[in-house]
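The values are calculated or read from the model by the stated rules, or taken from the named source; none is laboratory data. Owing to the predicted nature of the structure, the values given are computational and were not obtained by experimental measurement. Backbone-built Cβ (ideal geometry, glycine too); neighbour counts: all protein chains shown. In case anyone asks, the SASA skips ligands and DNA or RNA and just uses the protein heavy atoms, side chains included. Shrake-Rupley method; radii C 1.70, N 1.55, O 1.52, S 1.80 Å.
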Amino acid sequence: MRSLARPVRLDFVAPVHRAPLAGAGLCAVGLAAALALGLAFERKLAERSRLEAALAAVAPPRHRAPSPESLQGAAEAAAIERALHIPWTRLLAELEAASRDSTGSVSLLQVEPDPSKQLVRITAEVRTLPDALAYLERLQRSAVLRNPMLESHERRKDDPQHPLRIKLSAEWRT
Amino acid sequence: MSPLWRDEVAIYLAPRKLALVRRARGPRPRVVAEAEVAVAASASGDIGPVLARLAEVLAEPTWHGAAARAVVADHPWARYGIVPWPATRLDAAGRLAHARYVLGDTYGEAVAGWTVSLADTPPGRCYVACAMPATLRSALEDALAPARLALVSLQPRLIVAFNAWRHLLPADDTWFVSVDDGSLSAVLLRDGAWDRVHMARLSPDWSVELERLQAFVRLTRAAGAQGRMFVDAPAWMRRGATESAGLEWLEKGDGAPAHDLALLQRMYA
């Protein structure tokens, strides 16, 4: 194609910097795209708000302040759970074996567990203090108990045979 | 009438004549009125008598309430210059000052106080600068105001004529000559852009001027240029010449509207 003279844009009143048609078209397309994007974003925001409102109406609250009743129930449940975790079978079997080893010199009176401390308190009667110490040594060798201690001993004057009542404590192994 | 579809009145101002064309816009633009009026010439090239005559013509309601696009004759109200792209980076004010310097260097003190306008040109290329009397615009707006005509464009004749005919002009080694009553403006095109511009006053004897123009064609070709010369001239001037003289007339035939009215109508083509 033959090349032609270019136009001369010179005017003393009208601006000579004219935007070409393609530029104006591109600008219009850009504006339309921005507008469409804005409308789509607004629609999504509205939809999200609507869904959140529907969800709030249907679902229970996620976090509720605990009531005193529920706290008490939880504590009781925890106590029951701890009590259920006491190894009664192994503990009683070990205490029975220790009594048998002492050849009848120890009479077991009371076994009282404290589940919160994994502690068992034992009340028993023996004839003499060496019998008590022998029983303590036997418990110290036990694989079920840990740190057995003699907490107190008392001679029973009210009993005709004057036995020695002892109280021991030990932790049980889990 | 919507401002987007506002009628336009194109006005041509020359020292000895006025031409007006009113064009209705809209889906089907059309010329609804046109007029050509003689003006008693002033010796000094003062635009006052022309504007006074314009004000009389604009008293007719035919021309009221429109946008006005004015075209002024090159002589005596426009001066052109080709300004080289500056070696250093200049802002708009710097480019304007540079153009004013180039115009002052060519035309002297006569254009010292004139308003200068620059053509919109890509960076790195020479650009066209034009100077016009500083008071012309305000005086013209004063003449248009009573007829509720808002001036939206003010251009010199050579720019309008060139843009109207440029689709017929080869881009290289081509002279475009615009001849009006009493003056001539010539542009040399190189690479599709203005390379040189000359202006000259013409004597009343057109046959002498035609011989000068033909001699100019011969001289430029003798200098090695292979170019052609395209001339935009009134019909009565064309009658005195032939194609063989080396000139190519842009407007053909005698039945066309008057030269200045045709120029105004061609603005919208």
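Using the structure shown, decide if A:L84 is open to solvent by 50 Å² or more (accessible area, probe 1.4 Å), aliphatic (A, V, I, L, M) and under 24 Å from the mean Cα position of the chain (by Cα).
Yes, satisfied.
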>> Show the residue pairs meeting these rules: Cβ distance below 8 Å; 6+ apart or different chains; first residue within segment B:251-269 and farther than 20 Å from B:G182 by Cβ; second residue at pLDDT below 75.
In response: B:D254/B:R239; B:Q265/B:P257
>> Condition check: open to solvent by 10 Å² or more (accessible area, probe 1.4 Å), of a type in the set (K, R), within 21 Å of B:K17 (Cα to Cα) and in contact (Cβ under 8 Å) with a residue 60 or more places away in the chain. Does B:R69 satisfy that?
In response: yes
> Given A:S67, A:S142, A:S116, A:S152, which one is polar (S, T, N, Q) and surrounded by 15 or more Cβ atoms within 10 Å (Cβ to Cβ)?
Replying inline: A:S142
> For residues in segment B:128-146 being open to solvent by 30 Å² or more (accessible area, probe 1.4 Å) and hydrophobic (A, V, I, L, M, F, W, C), which is nearest to B:G192 (Cα to Cα)?
Replying inline: B:A134
>> So, restricting to helices (runs of 4 or more DSSP H) that lie completely within segment A:3-113, which ones have at least 2 residues that are more than 30 Å from A:L136 (Cα to Cα) and either modelled with pLDDT of 90 or more or more than 14 Å from chain B (Cβ to nearest Cβ) (or both)?
In response: A:21-58, A:68-84
> What tally of residues in segment B:110-127 results from selecting those that are under 16 Å from B:R79 (Cα atoms), more than 8 Å from chain A (Cβ to nearest Cβ) and open to solvent by less than 60 Å² (accessible area, probe 1.4 Å)?
Replying inline: 6
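For segment B:188-211, what are the residues that are in a strand (DSSP E or B), more than 9 Å from every other protein chain (Cβ to nearest Cβ) and touching a strand residue (DSSP E or B) at 6+ places or on another chain (Cβ under 8 Å)?
B:L188, B:D195, B:R196, B:V197, B:H198, B:M199, B:A200, B:R201
For every residue, the table says whether it meets (1) more than 25 Å from B:P133 (Cα to Cα); (2) out of contact with any Leu (no Cβ under 9 Å at 6 or more places or on another chain).
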position	(1), (2)
B:A14	no, yes
B:R28	yes, yes
B:A38	no, no
B:L51	no, no
B:Y80	no, no
> Which pairs do you get when a residue that is at pLDDT below 95, found in segment B:132-151, comes within reach of a residue that is open to solvent by 40 Å² or more (accessible area, probe 1.4 Å) and in a strand (DSSP E or B), reach meaning Cβ atoms under 6 angstrom, with the pair 6+ apart or on two chains?
Replying inline: B:A134/B:T115
> If you check B:A87 against the conditions, is it among the small types (G, A, S) and either touching a residue at least 12 places away in the same chain (Cβ under 8 Å) or in a helix (DSSP H, G or I) (or both)?
Replying inline: no
> Just a yes or no: is a residue in segment B:167-174 of a type outside the set (K, R), open to solvent by 60 Å² or more (accessible area, probe 1.4 Å), touching a residue at least 24 places away in the same chain (Cβ under 8 Å) and more than 10 Å from every other protein chain (Cβ to nearest Cβ)?
Replying inline: no
> So how many residues does segment A:123-138 have that are in a helix (DSSP H, G or I) and either aromatic (F, W, Y) or in contact with an Asp or Glu (Cβ under 8 Å, 6 or more places away or on another chain) (or both)?
Replying inline: 2
